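Chemist: Sharing a structure with you now.
The values are calculated or read from the model by the stated rules, or taken from the named source; none is laboratory data. In this text, all values refer to a predicted model and were calculated from it rather than measured experimentally. All Cβ positions, glycine included, derive from the backbone under ideal geometry; neighbour counts span all protein chains shown.
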Amino acid sequence: MFGFAIVAMAPALVISRMLSPRKRSNPVKFLPMECGQVPSGEGRTHFMMQYYPYILMFVIFDVMAIFLYAWGSALLYLPKSATLPMIGFLGIMFGAMSFALYQSGRRRIW
Amino acid sequence: MSVIAPQFKFSEFVKSLLDNAFWILFLMVLVGLPAVMMILFVIDLPVIDGELLTPFLAFTWLVDPTRTLPIIHALMATDFFRIAVFPGFGFAALLAAGTIFAERKMLAKMQLRVGPFYCGKIEGILQLMGDGLKLISKEIIIPAKADKPLFWAAPVLFVATAAAFVSLIPVAPGWVVADIDLGLLGVFAVIGFFPIITILSAWSANSKYPFIGGIRALFQMVSFEIPLILSLLGVVMLTGTLNLSEIVESQSAFPWIVFLPIGAIVFFITMLAELERIPFDLPEAESEIVAGWLTEFSGMMYGLVQLGTYLKLYAFAALFVVLFLGGWHGPMVVPPFPYEIITEGITMGPVTAQIPGLPLFTQEMLNGTFWFVLKTVAVIFFILLPRGVFPRIRVDMLLNLGWTKLIGLCFVNIFIALGLLYAGVLGPGGLQ
């Protein structure tokens, strides 16, 4: 389906390119959009988003969430005693997450 | 007074049309027909009634009404039909187009406007077609110093990824493009591609507004991916499978929203965030950063991104239906196919027509599709509704919501599922 969509949708761009006018009269036209101003400086600047700790947390807790699926899909076939270590794992992860959130709230250290 | 096209000449216009027609014919003859022949040389042709169906024979049979339906049956059994037409691209694109039109009309009514009105005689019903024609005939402007290959590839990749998401959705019993055992993990894998495409296109444009929008999209999608994944864990725990068709089968008595309402609500909120819809439309905030990461897209590239966005919307709504609302299950409302037509044929006056190959679709499939589409449309309505009601929220509010409140609710949901399982309400020996 991925390939089908590429094969079906790429011609739309080609047809559009064939139909549409192409005038290279004005170099200002090809400048990046800045509401009519002539842009100054680089387009790909260093932009401080201030929320970098969330990205770091994502790297860890996304993997955790996927690991939980390995347990969750097999839960019906496991003995009930196998749930206790998983609860412990969840507790550790919950604690780690709350500590990370607490740290990410302290903006001065970032 | 300014003229719209001062250098317009009718003769030039006709010449350009003829030029395009010539080149299309030229390429058809030199490339298209040989390509068709080569494909026919390679693929396996189906056997119908003991005869090998060559293209020549197929065209001959198509005009014979008694043999048309078996050919259509054979066509519907192929993978190509599933990918291109029914549970796949055509069906999803139709629903997506309907969604766009319904959204514009509904939003206009909510804001006491009229909405699309003039294009097409009845309530602007041809507005989408007009928009498509406009987009395809507009010039594509690529900003200077942009990374051209990436910039061209991004809209196509966006649509293709959305289509890959659509392919995992089961619509009716047995009607799914890719029925894989790890379907839900496949969904997560596909969802993970959207921020990558967004940030690549934003970076390749070499402009400031797309860059800021792309970074916002990255933050938003990344921080809502964990609540999204965790909120579906309850369903997987109760069903014990990751296959989406089996998850639907498990809801024949109760949809999971009855037992896991918190998971459903959290999934709905994360869905709004992943779709970049109000109140989470920070990546495209049109009143702050021009159009976010879509700023530099023009003409058909923008059209493709819109198509991909609405395909994604359909796929998320369908995923909600599959996981929480019971998919294709519902009371049987489609009447059974009258068997007199199969045995005796249709009698119209003096003529009796025997039509072999009927019925074209089974009763279960029609009923399943009906209920699936009905539920999906309802969910799409609730996705569209906040756009007329809520304002946009700030980035820090968004991240705080995603990381503290929604993840906490996800854990509550997991413990509700565990409690239901171990109290014996659900699972082996329980209700289902």
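Chemist: Among the candidates B:Pro143, B:Pro116, B:Pro155, single out the residue that is in a helix (DSSP H, G or I) and of a type outside the set (Gly, Ala, Ser). Steps first, please.
Modeler: Details: B:Pro143 fails: in a helix (DSSP H, G or I); B:Pro116 fails: in a helix (DSSP H, G or I).
Step by step, each of B:Pro143, B:Pro116, B:Pro155 is checked, and only B:Pro155 is in a helix (DSSP H, G or I) and of a type outside the set (Gly, Ala, Ser).
Chemist: Looking at B:Leu406, B:Leu384, which one is surrounded by 15 or more Cβ atoms within 10 Å (Cβ to Cβ), more than 14 Å from chain A (Cβ to nearest Cβ), outside any loop (DSSP other than H, G, I, E, B) and in contact with a helix residue (DSSP H, G or I) (Cβ under 6 Å, 6 or more places away or on another chain)?
Modeler: Working: B:Leu406 fails: more than 14 Å from chain A (Cβ to nearest Cβ).
Within the list B:Leu406, B:Leu384, the selection yields B:Leu384.
Chemist: Which is among the aromatic types (Phe, Trp, Tyr) and closer than 30 Å to B:Val236 by Cβ, of B:Phe361, B:Phe390, B:Phe297, B:Phe370?
Modeler: Working: B:Phe361 fails: closer than 30 Å to B:Val236 by Cβ; B:Phe390 fails: closer than 30 Å to B:Val236 by Cβ; B:Phe297 fails: closer than 30 Å to B:Val236 by Cβ.
Answer to the check: B:Phe370.
Chemist: Mind counting the residues in the range B:96-116 that are under 15 Å from B:Leu311 (Cβ atoms) and of a type in the set (A, V, I, L, M)?
Modeler: So the answer is 3.
Chemist: Here are B:Ile71, B:Ile83: which of them is closer than 30 Å to B:Gly308 by Cβ, of a type in the set (A, V, I, L, M, F, W, C) and within 29 Å of the chain's Cα centre (by Cα)? Break it down stepwise before answering.
Modeler: Numbers: B:Ile71 fails: closer than 30 Å to B:Gly308 by Cβ.
None of the other options fit; the residue is B:Ile83.
Chemist: Is it fair to say B:Gly174 is more than 11 Å from chain A (Cβ to nearest Cβ) and modelled with pLDDT under 90?
Modeler: Answer is yes for this residue.
Chemist: Would the range B:224-239 turn up any residue that is touching a Pro at 6+ places or on another chain (Cβ under 8 Å), more than 8 Å from chain A (Cβ to nearest Cβ) and in contact (Cβ under 8 Å) with a residue 12 or more places away in the chain?
Modeler: So far as the range B:224-239 goes, no, none of its residues is touching a Pro at 6+ places or on another chain (Cβ under 8 Å), more than 8 Å from chain A (Cβ to nearest Cβ) and in contact (Cβ under 8 Å) with a residue 12 or more places away in the chain.
Chemist: Go through (1) surrounded by fewer than 19 Cβ atoms within 10 Å (Cβ to Cβ); (2) within 21 Å of the chain's Cα centre (by Cα) for B:Ala253 and report which single condition fails.
Modeler: Condition not satisfied by B:Ala253: (2).
Chemist: Could you grab me the full set of residues in the range A:29-39 that are more than 12 Å from B:Ser207 (Cβ to Cβ) and within 10 Å of chain B (Cβ to nearest Cβ)?
Modeler: The answer is A:Lys29, and nothing else.
Chemist: If you don't mind, there's one more thing I want to ask. Would you tally the residues in the range A:52-86 being more than 8 Å from chain B (Cβ to nearest Cβ), surrounded by fewer than 11 Cβ atoms within 10 Å (Cβ to Cβ) and closer than 20 Å to B:Ala423 by Cβ?
Modeler: Residues that pass the stated criteria total 3.
Chemist: Moving to a separate point now. Can you tell me which of (1) surrounded by 21 or more Cβ atoms within 10 Å (Cβ to Cβ); (2) over 19 Å from the mean Cα position of the chain (by Cα); (3) outside any loop (DSSP other than H, G, I, E, B) is the one B:Phe280 doesn't meet?
Modeler: (3)
To keep it simple, each residue is scored yes or no on (1) hydroxyl-bearing (Ser, Thr, Tyr); (2) more than 7 Å from chain A (Cβ to nearest Cβ); (3) free of Cβ contacts under 8 Å to residues at least 12 places away in the same chain.
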{"position": "B:Ile140", "(1), (2), (3)": "no, no, no"}
{"position": "B:Asp147", "(1), (2), (3)": "no, yes, no"}
{"position": "B:Phe151", "(1), (2), (3)": "no, yes, no"}
{"position": "B:Val156", "(1), (2), (3)": "no, no, no"}
{"position": "B:Ala164", "(1), (2), (3)": "no, no, no"}
{"position": "B:Asp179", "(1), (2), (3)": "no, yes, no"}
{"position": "B:Pro195", "(1), (2), (3)": "no, yes, no"}
{"position": "B:Ser204", "(1), (2), (3)": "yes, yes, no"}
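Chemist: Of the conditions (1) buried (at least 23 other Cβ atoms within 10 Å of the Cβ); (2) closer than 27 Å to A:Pro79 by Cα; (3) modelled with pLDDT under 90, B:Glu246 satisfies every one except a single condition; which number is it?
Modeler: All conditions are met except number (1).
Residue-wise test of (1) surrounded by 13 or more Cβ atoms within 10 Å (Cβ to Cβ); (2) at pLDDT 75 or above; (3) not hydrophobic (A, V, I, L, M, F, W, C).
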position	(1), (2), (3)
B:Gly330	yes, yes, yes
B:Val333	no, yes, no
B:Pro336	no, yes, yes
B:Ile341	yes, no, no
B:Gly345	yes, no, yes
B:Gly349	no, no, yes
B:Gln354	yes, no, yes
B:Phe361	yes, yes, no
B:Leu366	yes, yes, no
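Chemist: Answer yes or no as to whether B:Phe390 is free of Cβ contacts under 8 Å to residues at least 12 places away in the same chain and either more than 16 Å from B:Glu225 (Cβ to Cβ) or away from chain A (no Cβ under 12 Å) (or both). Working first, answer last.
Modeler: Details: free of Cβ contacts under 8 Å to residues at least 12 places away in the same chain: no; either more than 16 Å from B:Glu225 (Cβ to Cβ) or away from chain A (no Cβ under 12 Å) (or both): yes.
Against the criterion (free of Cβ contacts under 8 Å to residues at least 12 places away in the same chain and either more than 16 Å from B:Glu225 (Cβ to Cβ) or away from chain A (no Cβ under 12 Å) (or both)), B:Phe390 does not qualify.
Chemist: Here's a follow-up. What number of residues within the range B:166-197 satisfy the criterion of being of a type in the set (Phe, Trp, Tyr) and more than 16 Å from B:Ile247 (Cβ to Cβ)?
Modeler: Of the residues in the range B:166-197, 2 are of a type in the set (Phe, Trp, Tyr) and more than 16 Å from B:Ile247 (Cβ to Cβ).
Chemist: Next up: What pairs come out if I take residues in the range B:352-375 that are in contact (Cβ under 8 Å) with a residue 24 or more places away in the chain and pair them with residues that are loosely packed, with under 15 Cβ neighbours inside 10 Å and assigned to a strand (DSSP E or B) whose C-beta lies under 7 Å away, six or more apart or interchain?
Modeler: B:Ala353/B:Ile346; B:Ile355/B:Ile346
Chemist: Tally time: how many residues in the range B:101-141 are at pLDDT 85 or above, more than 30 Å from A:Leu31 (Cβ to Cβ) and of a type in the set (Lys, Arg)?
Modeler: Selection size over the range B:101-141: 4.
Chemist: Against the definition (under 16 Å from B:Glu225 (Cα atoms), within 12 Å of chain A (Cβ to nearest Cβ), touching a helix residue (DSSP H, G or I) at 6+ places or on another chain (Cβ under 9 Å) and β-branched (Val, Ile, Thr)), how does B:Ile414 come out, yes or no?
Modeler: So B:Ile414 fails the test.
Chemist: Give B:Glu288, B:Glu296 a once-over and let me know the one that is part of a loop (DSSP other than H, G, I, E, B) and crowded, with 24+ Cβ neighbours inside 10 Å.
Modeler: Values: B:Glu288 fails: crowded, with 24+ Cβ neighbours inside 10 Å.
One residue alone meets the criteria, B:Glu296.
Chemist: Please find, among B:Phe41, B:Phe13, B:Phe81, the residue that is at pLDDT 75 or above, of a type outside the set (Ser, Thr, Tyr), surrounded by fewer than 11 Cβ atoms within 10 Å (Cβ to Cβ) and on the phi < 0 side of the Ramachandran plot.
Modeler: Values: B:Phe13 fails: surrounded by fewer than 11 Cβ atoms within 10 Å (Cβ to Cβ); B:Phe81 fails: surrounded by fewer than 11 Cβ atoms within 10 Å (Cβ to Cβ).
Residue meeting the stated conditions: B:Phe41.
Chemist: Moving to a separate point now. Within the range B:59-78, identify whether any single residue is surrounded by 12 or more Cβ atoms within 10 Å (Cβ to Cβ), assigned to a helix (DSSP H, G or I) and within 14 Å of chain A (Cβ to nearest Cβ), and answer yes or no. Write out each step before concluding.
Modeler: Within the range B:59-78, the subset surrounded by 12 or more Cβ atoms within 10 Å (Cβ to Cβ) is B:61-62, B:65-76, B:78.
Imposing the further condition that a residue be assigned to a helix (DSSP H, G or I) reduces the set to B:61-62, B:65-76.
Then keep just the ones that are within 14 Å of chain A (Cβ to nearest Cβ); that gives none.
Within the range B:59-78, none of the residues are surrounded by 12 or more Cβ atoms within 10 Å (Cβ to Cβ), assigned to a helix (DSSP H, G or I) and within 14 Å of chain A (Cβ to nearest Cβ).
Chemist: When the residues of the range B:170-223 are narrowed to those that are within 16 Å of the chain's Cα centre (by Cα) and in a loop (DSSP other than H, G, I, E, B), which ends up surrounded by the fewest Cβ atoms within 10 Å (Cβ to Cβ)?
Modeler: B:Ala178
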